[in-house]
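Enquirer: Here you go, one structure.
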Amino acid sequence: MADYAFRTLEDRQKIEKLWEDGRTPKEISETTGVSVHVVYKELTRGQDGTRLPDQRLRYSADVAQLRVQQSLEKRGKRAGQPTDSGQAAEAAGR
């Protein structure tokens with residue numbers, strides 16, 4: 001997993017398994033080949049609000065994947081803004 005690439009669901013599931021096995025972010029970083037910063041960002045992104053038996057916040061690969069997909073969907077055109085100024089002006093004149 002390169003630091004600059006988007007994580008796949010499989011990558012996130014690997015992080016989830018390692019986290020549930022009690023691994024530290026540094027160990028996860030070494031195992032997956034990404035920086036510790038990326039691991040911390042990913043663990044934050046996938047928090048589902050529950051706790052593991054050792055009281056650490058649970059990481060869910062599915063929650064993280066959903067949040068990334070929602071973020072990507074928001075990157076498109078802005079709601080309420082016309083895509084073609086000619087059609088918008090014509091519609092306003094009617």
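The values are calculated or read from the model by the stated rules, or taken from the named source; none is laboratory data. As the structure is a prediction and not an experimental result, all values here were calculated from the model. Using ideal geometry, Cβ is built from the backbone for each residue, glycine included, and neighbour counts are taken over all protein chains shown. SASA here: full protein model, heavy atoms, side chains in, ligands and nucleic acids out. Shrake-Rupley method; radii C 1.70, N 1.55, O 1.52, S 1.80 Å.
Enquirer: I'd like the full set of residues that are in contact with a strand residue (DSSP E or B) (Cβ under 6 Å, 6 or more places away or on another chain), over 19 Å from GLN70 (Cα atoms) and not aromatic (Phe, Trp, Tyr), limited to region 1-50.
Expert: Restricting attention to region 1-50, the residues satisfying the condition of being in contact with a strand residue (DSSP E or B) (Cβ under 6 Å, 6 or more places away or on another chain) are 16, 19, 43, 46-48, 50.
Then drop every residue that is not over 19 Å from GLN70 (Cα atoms), which leaves 16, 19, 50.
Answer for region 1-50, where residues must be in contact with a strand residue (DSSP E or B) (Cβ under 6 Å, 6 or more places away or on another chain), over 19 Å from GLN70 (Cα atoms) and not aromatic (Phe, Trp, Tyr): GLU16, THR50.
Enquirer: Being open to solvent by 60 Å² or more (accessible area, probe 1.4 Å) and within 16 Å of ARG23 (Cβ to Cβ) is the filter here, so list the residues in region 45-56 that pass it.
Expert: PRO53, ASP54, GLN55
Enquirer: If you check ASP3 against the conditions, is it loosely packed, with under 15 Cβ neighbours inside 10 Å, charged (D, E, K, R), assigned to a loop (DSSP other than H, G, I, E, B) and at pLDDT below 95? Break it down into steps so the answer makes sense when it comes.
Expert: Numbers: loosely packed, with under 15 Cβ neighbours inside 10 Å: yes; charged (D, E, K, R): yes; assigned to a loop (DSSP other than H, G, I, E, B): yes; at pLDDT below 95: yes.
For ASP3, the condition - loosely packed, with under 15 Cβ neighbours inside 10 Å, charged (D, E, K, R), assigned to a loop (DSSP other than H, G, I, E, B) and at pLDDT below 95 - is met.
Enquirer: In addition: Quick one: GLN87 ticks every box in (1) at pLDDT 85 or above; (2) assigned to a helix (DSSP H, G or I); (3) open to solvent by 80 Å² or more (accessible area, probe 1.4 Å) except a single one, so which number is it?
Expert: (1)
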